[in-house]
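What follows is calculated from the coordinates using simple rules that are stated; it is not laboratory data. In this text the structure is predicted, and so the values were computed from the model without any measurement. Cβ placement follows ideal geometry from the backbone for every residue including glycine, while neighbour counts extend to all protein chains displayed.
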């Protein structure tokens, strides 16, 4: 059996990473004038979902911090959906593409909200030493 990868083992992280990579490839086709605007924004927000999940996982010993960072991830995910709406409205992506990407983002959002609602499932188990104290 392989060594645990930590946050990389989380399905929500894997799905968020896959979405960020899809967006990266799709935005390569956006007009050059959007390079420092819409392209940077959608790439940044989608990647931030992943980085917030990783940060939350590393600090999961502290429930309040964990919930806060997962909440940040959810906010970045919502921002990504807004940039998708702009991408569609500007005709940089077609409706089917926008719908597929938004469904993926919504799935990530549901998973993040589940983590916020039940953080104890993701917190480390108490060690025997901690229980004795």
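If you go through segment 22-30 one residue at a time, do you hit one that is part of a helix (DSSP H, G or I), touching a helix residue (DSSP H, G or I) at 6+ places or on another chain (Cβ under 6 Å) and either in contact (Cβ under 8 Å) with a residue 60 or more places away in the chain or buried (at least 18 other Cβ atoms within 10 Å of the Cβ) (or both)?
Yes; the residues of segment 22-30 include at least one that is part of a helix (DSSP H, G or I), touching a helix residue (DSSP H, G or I) at 6+ places or on another chain (Cβ under 6 Å) and either in contact (Cβ under 8 Å) with a residue 60 or more places away in the chain or buried (at least 18 other Cβ atoms within 10 Å of the Cβ) (or both).
Please tell me if residue 101 is under 17 Å from residue 30 (Cβ atoms) and in contact with a helix residue (DSSP H, G or I) (Cβ under 6 Å, 6 or more places away or on another chain).
Values: under 17 Å from residue 30 (Cβ atoms): yes; in contact with a helix residue (DSSP H, G or I) (Cβ under 6 Å, 6 or more places away or on another chain): yes.
Yes, satisfied.
Scan (1) assigned to a helix (DSSP H, G or I); (2) touching a helix residue (DSSP H, G or I) at 6+ places or on another chain (Cβ under 8 Å); (3) surrounded by fewer than 16 Cβ atoms within 10 Å (Cβ to Cβ) for the single condition residue 45 breaks and write down its number.
(3)
So which residues in segment 91-117 are in contact (Cβ under 8 Å) with a residue 40 or more places away in the chain and part of a loop (DSSP other than H, G, I, E, B), if there are any at all? Please lay out each step first, then the result.
Narrowing segment 91-117 to residues in contact (Cβ under 8 Å) with a residue 40 or more places away in the chain: 92-93, 97, 101, 104-105, 107-108, 111-112, 115-116.
Of everything in segment 91-117, those that are in contact (Cβ under 8 Å) with a residue 40 or more places away in the chain and part of a loop (DSSP other than H, G, I, E, B) turn out to be 92, 93.
Within segment 66-87, does at least one residue satisfy the condition of being outside any helix (DSSP H, G or I) and surrounded by fewer than 18 Cβ atoms within 10 Å (Cβ to Cβ)?
Taking segment 66-87 and keeping what is outside any helix (DSSP H, G or I), we get none.
Scanning segment 66-87, I find no residue that is outside any helix (DSSP H, G or I) and surrounded by fewer than 18 Cβ atoms within 10 Å (Cβ to Cβ), so the answer is no.
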